[in-house]
1. List pairs: first residue in the stretch 1-12 and part of a helix (DSSP H, G or I), second residue of a type outside the set (Val, Ile, Thr) and open to solvent by less than 100 Å² (accessible area, probe 1.4 Å) anywhere in the structure, Cβ distance under 7 angstrom, at least six positions apart or on different chains.
2. How many of the residues making up the stretch 96-138 are surrounded by 19 or more Cβ atoms within 10 Å (Cβ to Cβ), over 16 Å from Lys152 (Cβ atoms) and among the charged types (D, E, K, R)?
3. Output the residue which, of all residues in the stretch 139-150 that are more than 17 Å from the chain's Cα centre (by Cα) and in a helix (DSSP H, G or I), is surrounded by the fewest Cβ atoms within 10 Å (Cβ to Cβ).
4. Would you mention how many residues in the stretch 44-88 are touching a Ser or Thr at 6+ places or on another chain (Cβ under 6 Å) and on the phi > 0 side of the Ramachandran plot?
5. Which one of these is open to solvent by less than 60 Å² (accessible area, probe 1.4 Å), outside any helix (DSSP H, G or I) and within 24 Å of Gln52 (Cβ to Cβ): Ser169, Ser156?
6. So Thr148 passes all but one of these: (1) more than 28 Å from Ala182 (Cβ to Cβ); (2) of a type in the set (Val, Ile, Thr); (3) in contact with a His (Cβ under 6 Å, 6 or more places away or on another chain). Which condition number does it fail?
7. When the residues of the stretch 50-101 are narrowed to those that are without any contact (Cβ under 8 Å) to a residue 60 or more places away in the chain and among the β-branched types (Val, Ile, Thr), which ends up farthest from Val135 (Cα to Cα)?
8. Among what's in the stretch 1-50 and is open to solvent by 50 Å² or more (accessible area, probe 1.4 Å), of a type in the set (A, V, I, L, M) and in contact with a Phe, Trp or Tyr (Cβ under 9 Å, 6 or more places away or on another chain), pick the residue that is modelled with the highest pLDDT.
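The values are calculated or read from the model by the stated rules, or taken from the named source; none is laboratory data. Note that the structure is a prediction, hence the values are computed from the model and not measured. In this analysis, Cβ positions are derived from the backbone assuming ideal geometry, glycine residues included, and neighbour counts consider all displayed protein chains. Each accessible area value is taken on the protein alone, full model and side chains, heavy atoms only, with ligands, DNA and RNA left out. Shrake-Rupley method; radii C 1.70, N 1.55, O 1.52, S 1.80 Å.
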Amino acid sequence: NLAKENSLLQEWTEIAQRAKDGRIKLLGIEWPGARDNNRWAIDPVSGNHWPQSVYCFRIPYRQNSNFGDIKYVWEIIRLQYLQPIAALAALEDNEELAQFCASEIESWIDNNPPFMGVNWSSGIELSLRVVSIIVVTSLIGEKAFSKTQRHKLLTSLATHGYWIMRFPSRFSSANNHLIAEAGGLFILGTLLPSLPDSDHWAHYGFKTLITE
């Protein structure tokens, strides 16, 4: 009803304003300096930064007291906080919000080079990020991105697909992780057929989802 719609719009508006002000709140924690490029690797509780220039599989992220709890870093890098902002931008045809979403995605890409840092360590996180990026870009449209940003975006999505396919979850992780990875590859391969190996990703993702 109208009351629920107004309440949802108010919530989206508040999320957008907080994010623009650099006050991203996830898991009950507000990120310090959330417009700083270091936000993609900071533990918001301890203030420590996870390494960003070390090969992803060389970083021991399980129970690592030197940096903090990896769940916080992996929460923000899913980029799910951008989805309600993109929805609001689409609903209100708000170019400023659309460009904000585009700049946040570009910031993540620029500050997380392929295969370096903990943000490339887990296939499920890559897949959830792929879905978020596709949802956001579908909502705000191509016009929100410059030519350079579009190139970065497609290159990053192709790299995500390659890395998810290269290191599928096995053994004890072959559960919700495997499902998320298959879903991400299916969506990526289906919706972006121009990417290299998209047919293979879509086929693998579909077959794995059906099998599981």
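1. Here the result reads Trp12/Pro84; Trp12/Ala87; Trp12/Leu88, each pair linking the stretch 1-12 to a residue that is of a type outside the set (Val, Ile, Thr) and open to solvent by less than 100 Å² (accessible area, probe 1.4 Å).
2. 1
3. Lys147
4. Looking only at that region, the number is 2.
5. Numbers: Ser156 fails: outside any helix (DSSP H, G or I).
Testing whether each residue is open to solvent by less than 60 Å² (accessible area, probe 1.4 Å), outside any helix (DSSP H, G or I) and within 24 Å of Gln52 (Cβ to Cβ) leaves just Ser169.
6. (3)
7. Residue satisfying both the conditions and the ranking: Ile70.
8. Out of the qualifying residues, it is Leu27.
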